[in-house]
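The values are calculated or read from the model by the stated rules, or taken from the named source; none is laboratory data. Just so you know, these numbers come straight off a predicted model, no measurement behind them. When we count neighbours, we look across all protein chains shown, and the Cβ atoms used for this are built from the backbone with ideal geometry, even at glycine. Quick note on the areas: whole protein, heavy atoms, side chains included, nothing else; ligands and nucleic acids left out. Shrake-Rupley method; radii C 1.70, N 1.55, O 1.52, S 1.80 Å.
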Amino acid sequence: MMSWFSPSTVEFYRNWPSIAVANLKMSSFESAVLLLLSMGYLCQSSRTPLEKLADNKLCADMECSYAISLAMALEDYVAPDCRFINLKRGQMIYVYSKLLPAEGGGIFWSGSVYSERYVDQMGIIGFFPVNYVNETYTFQRDTVKLPTTDTEFICI
């Protein structure tokens, strides 16, 4: 049987794992620096700033913690990014804020879905277009106008 490799090449590849490990040894300081740099990159890249949908919003209270109304999804809606929630036709949504759009902007509300069929989505708050829902019940007629913050439009 003919060998394509010389004996020294075969010996090199046989010992490759130990050679690679020997060349990659780092001091504890270098390891710590590499770890911190990696974690900093991951933390920085995990927050993606996106376009701010509105400068102001209407809420039921100063913290936007109470629902303004209840709405029903008229048709399915697939969220384009992490700021939005998916809607299924017939699904009930608690509306927590209503964005006041800038001139020419789309109209979005924020809310959380409620449905026995979609338990995995319950408690997730996100935006959705108003034209996909029908407001069925109003909990709070008097609303508070508040400025939106940049953190409302960050994907985590």
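Taking residues in segment 58-80 that are free of Cβ contacts under 8 Å to residues at least 40 places away in the same chain, and partners anywhere that are loosely packed, with under 14 Cβ neighbours inside 10 Å, the pairs with Cβ atoms closer than 9 Å and at least 6 places apart or on different chains are 76/89. Scanning segment 58-108 for residues that are among the small types (Gly, Ala, Ser), in contact with a helix residue (DSSP H, G or I) (Cβ under 9 Å, 6 or more places away or on another chain) and in a loop (DSSP other than H, G, I, E, B) yields a single hit, 106. Number of residues in segment 115-139 that are surrounded by fewer than 16 Cβ atoms within 10 Å (Cβ to Cβ) and modelled with pLDDT of 90 or more: the value is 8. Identify all residues within segment 86-105 that are at negative phi, small (Gly, Ala, Ser) and open to solvent by 50 Å² or more (accessible area, probe 1.4 Å); write none if there are none. Within segment 86-105, just 102 meets the criteria. Cβ-Cβ distances below 8 Å connect the following pairs, each with a first residue in segment 145-156 that is within 16 Å of residue 61 (Cα to Cα) and assigned to a strand (DSSP E or B), a second residue that is open to solvent by 90 Å² or more (accessible area, probe 1.4 Å) and of a type in the set (A, V, I, L, M), and a separation of six or more residues or different chains: 146/62.
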